[in-house]
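I have placed the structure first, in the form of structure tokens, so that the comments after it can refer back to it.
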There are 4 protein chains.
Amino acid sequence: MGEKSVQKKQFIVEQARQVFVEKGFKNVTMKDIVDACGISRGGLYLYFDSTAALFREVLETEMTETYDPLPDGFPDHAGAADMLLFFLREQKREILRRKNCLAVATYEYFFEAKLPKRENPMCTRFTETVDMLTGLLAAGVESGEFYCPDPEGAARNMAYVLEGLRVSAQTMGLSESMVDREFMYILQGLVYEE
Amino acid sequence: MGEKSVQKKQFIVEQARQVFVEKGFKNVTMKDIVDACGISRGGLYLYFDSTAALFREVLETEMTETYDPLPDGFPDHAGAADMLLFFLREQKREILRRKNCLAVATYEYFFEAKLPKRENPMCTRFTETVDMLTGLLAAGVESGEFYCPDPEGAARNMAYVLEGLRVSAQTMGLSESMVDREFMYILQGLVYEE
Amino acid sequence: MGEKSVQKKQFIVEQARQVFVEKGFKNVTMKDIVDACGISRGGLYLYFDSTAALFREVLETEMTETYDPLPDGFPDHAGAADMLLFFLREQKREILRRKNCLAVATYEYFFEAKLPKRENPMCTRFTETVDMLTGLLAAGVESGEFYCPDPEGAARNMAYVLEGLRVSAQTMGLSESMVDREFMYILQGLVYEE
Amino acid sequence: MGEKSVQKKQFIVEQARQVFVEKGFKNVTMKDIVDACGISRGGLYLYFDSTAALFREVLETEMTETYDPLPDGFPDHAGAADMLLFFLREQKREILRRKNCLAVATYEYFFEAKLPKRENPMCTRFTETVDMLTGLLAAGVESGEFYCPDPEGAARNMAYVLEGLRVSAQTMGLSESMVDREFMYILQGLVYEE
DNA sequence: TATGAATGAGTCTTCATTCAT
DNA sequence: AATGAATGAAGACTCATTCAT
């Protein structure tokens, strides 16, 4: 596949992403993609066999490109509390945004594609989040910012809460204040000496 | 609709439930139902206009029939801790069972059907769970079984964790020990004097 | 068929008439009739095999009941001109009324049911109209009210014009003034000595 | 749509025309068209969404291709009477032909599709006919061929008679002599000094 | 590489008609 | 006489996929 083709493939993935954002996974047809890309049906099949293959590619791009718990510009000397707050703020944005959001498509896709954990991006992301949070909490305990007898347990708890919020936002609709309240509860557990 | 047809409607709902369990919501066609019931296409339409209408009925039946946080036979004099344990055991069963489980169908349905909160069973169930847990925790604090400065916050936290576990079980696959570990973490937060 | 059944049959025909008025002929289903009558499907079939059979009955009733070029109360001593004016006024009402009008249903039915002329109500009505008008014109010539060298030809001409107006009203939509203008043209041909 | 598909579209329109001729409008299904064309269901939908869309195309083609009150080859020096006779002869052919005739389909279509007059081909055709006849009669009066104090009125009268004949031919069945007789009546009105 | 016409299987939906009660 | 549940055929429409160019 030449360089040109690589570009075209990327182009298709970008357009497809938008379609998945708008329609979820199961509602998307090859025609939707074709229309969004302005290419021919046959042309699309040269690159992707199915919407599932396309979605996998979209997800992969997503992961490599955008998954970055703490962005480059973040001050290295920032305290654990600052970093946690930053992380939660990002998560809130992610959870609440209706536009530009692959959550529904992702759920719909992974309800079907039962993958071995190694290859399952949902698992990967979960694990990474837990690891990152564990590190953060441990550092915070170290620095005296947090009280937390079981950093890994707390990290896992947070990760499930985030998952719960994420899916609830799509099924029940969540307001910003509901997310805030939940995050406040978590933070209080870390600072209060209980 | 005569008495006989009421029975038939129930029969259809039962068969349909099985189909939704097996295939989720979006994969189910009217033909799937027809085949599962052994009736004619036209016959099904006498009772239900769409798979969505059918699913709503399935859910309703589910709610009235089976949703019962604490069953009748539960000892009245049981302590709050006992009741919480019982509740979590039930939830674990619910979260882990692969068979007989409407979770995927429910998520798929409610990703599409964005309902006002009043009419959204997901909201209702969430609220009911939170209320019940709040009561339980408050009672436990009263009786000295639990340490919990903010019962409502803790209840809400648990509810989100449960939601997170429920959806994770469908997307990532969860082992019993993973659920147990999570529940243990929650329980420790209630008993440890932290 | 007992007396009661006769009444029921009449009732069905009346309700069906309304349905045909509203939906034409080809759009009407047995269910439409059943719903309009508030009876059972099986019940309807006891009386009529098809919408066509029903429509025939509706038409027959229509003919016997309402087709009456000059109504009873019309003064016997009325002049031919008066009678012609009266007839045209009735025709205008018939042509223009949107409600209560079987025209579309009738056309749709007779486009399909190519009947021998003897049994074709369209033919019958046409012939009766021509005969009546011929008589009227002849009488008018006799009494000096009309100038008309060929009453039968003129009557036939009028009958086709009426048919043309009737169908045009349904396909193109006609205003009252368009009908009036046409009728004026016809009348002037009878009174002007040309 | 490439050049080839334009040809195919034309082919479909031609086949469809035949189907409409045979079955009218409301009896025609997409399957009828598909069968007549020997193409696939999906293939037809590439070109037309519905039988209505197809019929509109058929009509349009009909209008542009065949509607030509006086054909090119007609002698320029022909008198008004000659031209009128020619026109009526054409109309008679049109009215009487059972084969190759879109009359029923056209009526059925326009009974449903109540269009604003500007866009209604029935209106357009009517108006064009009236205008043409008005011109013809006026010219005939000028040249002394016709006696006709109100050419526009007479033209309109003729147009309605033609409409009446056209629809009667489909509902009652008309013989050639019946049409001839009617045309004779009209012509006599123009030549007799009455 | 790329096009887009073409296919045909599959789903939804409606309707006339039957039949046990 | 009357009911209304049930059937299955038929029509509308869509979609993944192929293939000649």
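The values are calculated or read from the model by the stated rules, or taken from the named source; none is laboratory data. Note that the structure is a prediction, hence the values are computed from the model and not measured. Glycine also receives a Cβ, built like all others from the backbone with ideal geometry; neighbour counts cover every protein chain displayed.
Quick notes on this structure:
Residue-wise test of (1) touching a residue at least 24 places away in the same chain (Cβ under 8 Å); (2) in contact with a Cys (Cβ under 6 Å, 6 or more places away or on another chain); (3) under 15 Å from C:GLU62 (Cα atoms).
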| residue | (1), (2), (3) |
| --- | --- |
| C:LYS8 | yes, no, no |
| C:ILE12 | yes, yes, yes |
| C:GLN15 | no, yes, yes |
| C:VAL19 | no, no, yes |
| C:ASN27 | no, no, no |
| C:LYS31 | no, no, no |
| C:VAL34 | no, no, no |
| C:SER40 | no, no, no |
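- Single match in D:GLU163, D:GLU145 (criterion: in a loop (DSSP other than H, G, I, E, B) and buried (at least 17 other Cβ atoms within 10 Å of the Cβ)): D:GLU145
- Being of a type in the set (Ser, Thr, Tyr), within 11 Å of chain A (Cβ to nearest Cβ) and touching a Phe, Trp or Tyr at 6+ places or on another chain (Cβ under 7 Å) is a condition met by no residue of segment B:114-134.
- Residues located in segment C:96-113, provided they are over 17 Å from C:THR61 (Cβ atoms) and more than 11 Å from chain D (Cβ to nearest Cβ): C:LEU96, C:ARG97, C:LYS99
- Subset of segment A:172-183 [more than 8 Å from chain B (Cβ to nearest Cβ), assigned to a helix (DSSP H, G or I) and not aromatic (Phe, Trp, Tyr)]: A:GLU176, A:SER177, A:MET178, A:VAL179, A:ASP180
- Qualifying positions in segment D:118-151 - in contact with a Cys (Cβ under 8 Å, 6 or more places away or on another chain) and closer than 18 Å to D:ARG89 by Cβ: D:LEU137, D:GLY140
- Flag for C:GLU152 being over 21 Å from C:PHE126 (Cα atoms), touching a residue at least 12 places away in the same chain (Cβ under 8 Å) and more than 8 Å from every other protein chain (Cβ to nearest Cβ): no
- Single residue of segment B:20-39 satisfying the filter (within 14 Å of another protein chain (Cβ to nearest Cβ) and buried (at least 17 other Cβ atoms within 10 Å of the Cβ)) that is farthest from DNA strand F (Cβ to nearest atom): B:VAL21
- Unmet requirement for D:LEU165, which otherwise passes all of (1) without any contact (Cβ under 8 Å) to a residue 24 or more places away in the chain; (2) at the interface with chain C (Cβ under 7 Å from one of its Cβ atoms): (1)
- D:TYR192 being out of contact with any helix residue (DSSP H, G or I) (no Cβ under 9 Å at 6 or more places or on another chain) and either at pLDDT below 95 or over 30 Å from C:ARG118 (Cα atoms) (or both): yes
- Residue satisfying all of: in segment D:40-52; part of a loop (DSSP other than H, G, I, E, B) and under 16 Å from D:GLN7 (Cα atoms); farthest from DNA strand F (Cβ to nearest atom) among these: D:TYR47
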